[in-house]
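What follows is a short report on a single structure.
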Amino acid sequence: MKRSPLLTITAAAFVVAGASTASAAPPSTTYCAEILSNEVDAQGFSIVLGTSCSTSPEAALSTADAEADNSALAPQESAAAASTLLMNEYRDSYLGGGVLYSYYGAYGTCDSAGYRLRNYWDVGHSVSSIQGNGNCNNVYLTNYAGVSDFGQTTPVNVLPARYNDNVDVVRIVYCGKC
C-alpha cells in the first residue's frame, strides 16, 4: 500500500468490518504505519518514506521502517529516529474511541518546523481529539473548507465544531513558549 507524498507517516489503528457469518467473530483490527521525512514536497507536505499495514502495530511499523531504510531519501536515517512517535489522532473527544492514526518521524521528534500532513479522507472525517508526543506540543489544523485558524497546545481534548470530524491538514510542531 503506497501512500501519496501528501500524507504523513502514520501508524493507524482502525476497525475493519468483516463479512457476516453465522458465528459472530470479533472484527479484525488493521494497523498502518507511515514514516515521514523531515524534507517536504512541492506542496510543503512531509514526504512519506515508508508505509505498511498489518494486524499488529509493531509489524506495521517494522515493515514501514524497512521500506523507509530503502528509500533514496533515507541514508542518514537511524532506526531509533524512524520510530519516534509524533502524534495520535483519536476517534472521540477526550482521547477516546481508539487511535485512528499514530504518526512517526523518521528524523526524530518535532522542532519549530515540525511535520505537515494531509489525512486520508475517512480518517479526516473521524478525528475528534489529538495528542502530541515528545516535543510535538502544538498543533495547527486546516479543515476541508480550507479554514486554518486553529492552533493549540496538545492535548486537544475537544476539537471545535468546524474541525470535529473535519481535519484535512495537520501541522505538528514544537513550540517553546506556548
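Below are the figures for this structure:
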| read-out | value |
| --- | --- |
| Amide proton proximity set for residue 50, modelled H, under 5 Å, gap of 5+ | 35 |
| Projected label distance in nm at residue 59 and residue 113, using a 7 Å step from Cα toward the beta-carbon | 3.6 nm |
| Within the range 104-128: backbone nitrogen closer than 15 Å to the residue 93 label point (7 Å, Cα to C-beta) | 127-128 |
| Between the range 104-169 and the range 32-55, the alpha-carbon center distance in angstrom | 15 Å |
| Estimated inter-spin distance, residue 148 and residue 43, nm [label 7 Å along Cα→Cβ] | 1.2 nm |
| Segments 114-121, 89-96, 169-176 sorted - mean Cβ within 10 Å per residue, highest first | 114-121, 169-176, 89-96 |
| Extension reserve of the residue 125-residue 70 stretch, reckoned as 0.36 nm per residue once the Cα distance is removed | 16.6 nm |
| Sorted peptide list for 99-107, 54-62, 144-152, criterion being average Cβ within 10 angstrom, highest first | 99-107, 54-62, 144-152 |
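A short reminder: the numbers here are calculations on the coordinates, not readings from a lab. What you see is a predicted model; the values in this text were computed from it and never measured. No Cβ is skipped: glycine too gets one built from the backbone with ideal geometry, and neighbour counts run over all protein chains shown.
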